[in-house]
Structure formats: structure tokens, C-alpha cells
1. Tell me which residues come under 5 Å, amide H to amide H, from residue 197 once H is placed; ignore anything under 5 positions away on its chain.
2. Give a residue-ordered list of calculated ³J(HN,Hα) values for region 3-11 (Karplus: 6.51 cos²θ - 1.76 cosθ + 1.60, θ = phi - 60°; whole Hz; x for Gly, Pro).
3. Which of the peptides 216-225, 88-97, 111-120, 3-12 is most tightly packed, and how do the rest follow, going by the mean number of other Cβ atoms within 10 Å of each residue?
4. With every protein chain kept in place and ligands, DNA and RNA left out, what is the accessible area per residue of region 6-266? Probe 1.4 Å, answer in Å².
5. Which percent of Cα pairs goes in each bin when the distances of the chain are cut into 5 angstrom slices starting at zero?
6. Share of the chain's accessible area from carbon and sulfur, percent, 1.4 Å?
7. What is the set of long-range amide H partners of residue 4 at a cut-off below 5 Å, with H atoms built 1.01 Å from backbone N?
8. Kindly provide the helix-only [θ] at 222 nm of the chain, computed as the sum of -39,500 (n - 2.57) over DSSP H runs of four or more divided by all residues, to the nearest 500 deg cm²/dmol?
Amino acid sequence: MDKLIITVALTGAEVSKADQPALPISAQEIAVAAEECAKAGASIVHLHARRSDGTPTQDKAVYREIIAAVRERCDVIIQVSTGGAVGMTAQERLDPVSLRPEMATLSMGSVNFGGDVFMNHPADMETFAKAMQAHGVKPELEIFDAGMIATASRWIKNGLLPANAHFDFVLGVPGAMPATPEALMYLKSQLPVGGTWTVAGIGPAQLQLGTMAIVLGGHVRVGFEDNVYFRKGELATSNAQLVQRIADISRLLERPVANPLEARQLLELI
Ligand code: KMH
Ligand code: ZN
């Protein structure tokens, strides 16, 4: 089994400091959190940008500042969000891709998202995929529901997506696929040949499905974007605390954790 790649989704677009006082928002806060997480075993940071008032933004200038601050402190793989926040236009969501980060997310379809609709029109998705190709950015395919993996498989066949695509199974968003072992097993069974996968369980499923992924040979995403708690009723003290726990579980299960260089090799970024 390959070493475990831990992604940390530090900030997200929906969580606030009121929900999680340790949420990193400014470039410096995000960079400090990224360094702590890298020390604890994370090799990818999934980034969202916020304005100084905490509201989400896809402004390239804000991403540029965050990326520079993270790079100053550690050598993690930078993955920018193109999901942004519900309601943003496709054009604004795509903005940070031209900064040529190593990776960017690409949502593979539209989905109900709590009380909202997270829109991903096929024409916009195609524009995103082509922009990532043009800028040499590896997409991580966000899979919120089963049909999206079928779409990804079709797009790999027609060359819009790379055969070595990295998938993120996001399980437990209200309106999307539930965070159950059965859902994870089904998505894993549909993975196209050559693909790698990670799982982002929402809320308490972050720990449960993450542990399953360690055993199944997948990879794991943790962090405040998906879950702000360490255990029921107890907020996590930092993103790094969540990274450390999954790294400890992986080592207990005798699966070593990849460093950023090893993760780059596994994902064929180098
Ligand atoms: N904030 C969600 C609507 C991504 O980063 O690519 C979308 C999201 C996915 O967070
Ligand atoms: Zn995100």
C-alpha cells in the first residue's frame, strides 16, 4: 500500500470564527496553520481565501498573498479551491488557477448544498478543466454524488481530464451522498483505472471515513472546512490536532504517512 497522503482543508468558505475560534483566515494565520499541519503530517493544503471581514473571496491577489506566506514557511503541495462559495460566478471561482498552484479542485457536478444549490454547469466545468490543463495545474475531482464519478470517467476517456486523476469523495453534505461506509465502498468500486482517491467526511465522519480510507488504501482529508470538532461537544484546538490524530491512527495501523515530496511522487506532480 502507498504511504498515506493527508490533505488539510484549513479554512473553507462556510465556517466562521464564531463556529471555530481557531479558524485561520488571514494569510499569516493560514501560513502558520499550514506549517503546523505540515509538521503533523499533512502534505497537501486545500486553500480558500477570505477578505479581512471573513467573507469568502476568490480574488487572485488574496490567494497570491496566502500562497506566498505558506511557501515561506513550508513545502506542502498547494491546492486552491475553485469551488469557492455557493453563489459565486464561475469566472470568479476560476481566478486563482492562473497563479499556477500545483493543484486545484474541480467539482464534477451540481448538488444541493444544505439549503443552497452548488452550481457546476457542464460548460463551466469544461472551462475549468481546460484552464487547469493550460496552466499545468493538476485537478482534484470533487465527488459529491455517484453520478459525478461517472462524468469524470467519461471526461478521462475523452481527454478533458488526466488518466491519473485524483478524486476527493466528499461524503455527508446535506443534499449529497451520505457519509456511510457503503457509500465510500461504492465510490471506491467505481474509481477508474489509474485514479487515486481521498475522502473528506463531513462532521464526525471525518474520523470514521478517514480511518476506513487508511485501511482501504485511499488517502484522507481533514480540517476545519469539513469538521470543527475533535470529538462530540469538544471543538478541535487547531487544524493540526486533526492532522496529528489521523497521522497517529495511520502509523498505528502500520501505514506510514507521506511527506510532501513523496506525495508529489504518488500524485505524479513531479
Ligand atoms: N464551498 C463549497 C460550496 C471546493 O473547495 O472545491 C465548495 C467547496 C469545494 O468548498
Ligand atoms: Zn473547499
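The values are calculated or read from the model by the stated rules, or taken from the named source; none is laboratory data. Because the structure is predicted, anything quoted here is derived from the model rather than measured. Positions of Cβ are generated from backbone atoms using ideal geometry, with glycine treated the same way; all protein chains shown enter the neighbour counts. These area figures cover heavy atoms from the full protein model, side chains too; ligands, DNA and RNA do not enter into them. Shrake-Rupley method; radii C 1.70, N 1.55, O 1.52, S 1.80 Å.
1. 167, 219
2. With the stated coefficients, region 3-11 comes to 4, 7, 8, 9, 9, 10, 9, 6, 10 Hz.
3. Values: 216-225: 24.7, 88-97: 18.5, 111-120: 16.0, 3-12: 26.8.
Going by the mean number of other Cβ atoms within 10 Å, highest first, we get 3-12, 216-225, 88-97, 111-120.
4. Ligands and nucleic acids excluded, the result is 40 Å² per residue.
5. Here the calculated profile for the chain is 1, 6, 14, 19, 22, 19, 13, 5, 1, 0.
6. The C+S portion of the solvent-accessible surface of the chain is 54 percent.
7. Long-range HN contacts for residue 4: 257, 258.
8. Result for the chain, helices only: -11500 deg cm²/dmol.
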